[in-house]
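For reference, the structure is listed below as structure tokens.
The values are calculated or read from the model by the stated rules, or taken from the named source; none is laboratory data. Nothing here was measured: the structure is a model prediction, and the numbers come from that model. Neighbour counts run over all protein chains shown; Cβ positions are idealised from the backbone, glycine included. Quick note on the areas: whole protein, heavy atoms, side chains included, nothing else; ligands and nucleic acids left out. Shrake-Rupley method; radii C 1.70, N 1.55, O 1.52, S 1.80 Å.
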Amino acid sequence: MGGKEMTRIPLTVKMYLAIAPLAIVGVAVGFITKNGLRNNARELIAAHEIKELAVNSLALLLTQDDATKTMLFSLDTPALDARKIRAYDENNRVLEKIVAISRSAEITDLVVQLKQLDETELRPVDTEVLELLGGGDIARAKTVYFSKYEPARSRYEALLRRLTGAADATAGAAARDLEKKNEASLRNVCVALGIGILIVGWASRLAAARRVAELSNHAKG
């Protein structure tokens with residue numbers, strides 16, 4: 001494009017052409033920042049959710065235990081049965097959710113151990129206790145509960161507390177990792193801004209050189 005043709009370009013168009021690179025870089029920086037922060041926080045959010053679920057699972061275990069103990073000393077058990085079943089079902093859902101969102105092999109392994117202990121020891125003994133209560137043999141039910149169920153339940157609780165501890169450790173590691181990732185995102189933003197400034201500076205120099213050439217051509221003409 002010749003000098004005379006450049007002089008015909010409106011000033012507003014020249015201004016837009018000058019700031020276009022900066023606008024593009026601004027959009028790129030915004031995209032990098034938004035996606036970086038969102039992705040960085042995802043693991044921390046999941047870790048805290050797992051920690052809350054683990055605590056909830058422990059509370060549900062205690063609810064089941066309280067219901068069973070009360071049933072041993074009360075003949076009016078329908079409401080207790082329903083409360084215990086609800087807590088048991090909810091606890092299974094909680095454990096399934098932990099496995100679904102966790103990326104920790106330790107946490108997954110602990111959940112597997114909890115399920116195995118429940119299936120092989122807790123449920124069979126619990127069923128035996130309920131059958132004895134249903135048959136009116138309260139004394140035998142108490143003996144089975146304290147000699148068989150209570151030791152297995154204590155091991156189950158210990159596993160749950162290990163799960164809570166592992167979830168807490170995972171949340172702490174995720175927080176430290178988030179800090180590192182945010183620092184990396186900040187560096188990326190600074191690099192993008194630096195590139196933008198260089199592009200704008202280059203465009204400004206190019207525009208100034210063209211303007212000098214236009215003035216020179218105009219003087220010669």
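Remarks
- Remark: pairs (first residue in the range 118-136, over 16 Å from residue 85 (Cβ atoms); second residue open to solvent by 40 Å² or more (accessible area, probe 1.4 Å) and modelled with pLDDT of 90 or more; Cβ separation under 7 Å; 6+ apart in sequence or on different chains) = 125/148; 132/140.
- Of the helices (runs of 4 or more DSSP H) lying entirely inside the range 79-153, the ones with 2 or more residues being closer than 20 Å to residue 58 by Cβ are found at 105-117, 123-134.
- Selection count where residues are closer than 28 Å to residue 43 by Cα and crowded, with 16+ Cβ neighbours inside 10 Å, scope the range 114-133: 1
- Against the conditions (1) modelled with pLDDT of 85 or more; (2) exposed (fewer than 13 other Cβ atoms within 10 Å of the Cβ); (3) farther than 30 Å from residue 142 by Cβ, residue 53 satisfies every one except (2).
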